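We did not get these values from a lab; they are worked out from the coordinates using the rules stated. Quick caveat: nothing in here was measured; it's all calculated off a predicted structure. Reconstructed Cβ throughout: ideal geometry from the backbone, glycine too, with neighbour counts over all protein chains shown.
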Amino acid sequence: MPEGDTVFHTAAALREALVGRTLTRCEVRVPRFATVDVSGSRVHEVLSRGKHLFIRVGAVSIHSHLKMDGSWRVFPRGRTRGRTPGPDHKIRILLEAGDVAAAGIDLGVLEILDRDHDMDAVAHLGPDLLGPDWDTELAAANLSADPDRPIAAALLDQRVMAGVGNVYCNELCFLFGRRPASPVSMLADPIRVVTKAREMLWANRLRWTRTTTGNTRAGQQLWVYGRGGEPCRRCGTRVARTGQSDPTGERVSYWCPSCQC
Ligand SMILES: [Zn+2]
């Protein structure tokens, strides 16, 4: 699931591939922006803010959000002989710059903004866990602003801090011994929680295999997320999970009934 670390890493890959180059092809396959063509323009910058991604080209900024299943792929244009990776109908945008190409696949949001005002799209976000504006005190104050709110709801609220998705949300709750549904007031030290969130995203920002346990081996990477019914790594109790009430799976919670209260 794409979270702040995935978006940061994606931005790094796109930056490496595109910045400083002139686009030789630009195909936006979203009706509203289908007429936009910035081929001939130079890519100036690629940046991430929380889970949002911006590619600044000429006078525009290509804003995307991966949501649940989105991704960007960078690939050498020649090797595929004009074809693209993945199912063609899922490609929302295709960029080419000489011998390199980038495809935005299944993007949850794709819009073309005026470059000078593109940050308006993320003005509502709290401090970016991986950004230059990271502010521990502000994030902690945001997190604890509503003491009765469920911890999971507060951690996932991008206005509190930007970058935490459902995986980190569940892992943080485990590490601090609190259930996702417990109120924020049960977090003894919000500063420690947001500091840990930043440490976890920072450690994973340049690798595709996310780990919160410190172990990158398959099946060993996470404490509780995705491990419903399996034994807790600390105490052996079976990890609990909420029902599948949400079809997107985005708000499914996992916790250890013994380690977390
Ligand atoms: Zn346990």
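Worth pointing out:
- 13 Å beta-carbon shell around residue 200, net charge (K/R +1, D/E -1): +2
- At 0.890 mPa s and 25 °C, Stokes diffusion of the chain via Kirkwood alpha-carbon radius, µm² per second: 126
- Remark on the range 193-239: Rg and Dmax equal 11.7, 33 Å (Cα only).
- Amide H partners (placed H, <5 Å) of residue 238, local residues excluded: 232
- Karplus-derived HN-Hα couplings along the range 178-185 (A = 6.51, B = -1.76, C = 1.60, θ = phi - 60°), whole Hz, x at Gly and Pro: 10, 7, x, 7, 5, x, 3, 4
- P(r) of the range 33-150 over all Cα-Cα pairs, binned every 5 Å from zero, in whole percent: 2, 9, 18, 19, 18, 13, 8, 6, 4, 2, 1, 0
- When only Cα pairs below 8 angstrom with a gap of at least 6 residues are kept, the chain shows a relative contact order of 17 percent.
- Here the range 173-254 is described by how far its Cα atoms reach on the three principal axes: 34, 33, 29 Å, from widest to narrowest.
- With a cut-off of 11 Å between beta carbons, the residues surrounding residue 135 carry a summed charge of -2, where Lys and Arg count +1 and Asp and Glu -1.
- Estimated distance in nm for a label pair at residue 41 and residue 230, the labels positioned 7 Å out from Cα along Cα-to-Cβ: 4.5
- Our analysis of the range 116-234 gives Rg over Rh at 0.98, with the two radii drawn from alpha carbon positions and Rh computed by the Kirkwood formula.
- Computed from Cα positions, the angle between helix 4-18 and the longest principal axis of the chain comes to roughly 20 degrees.
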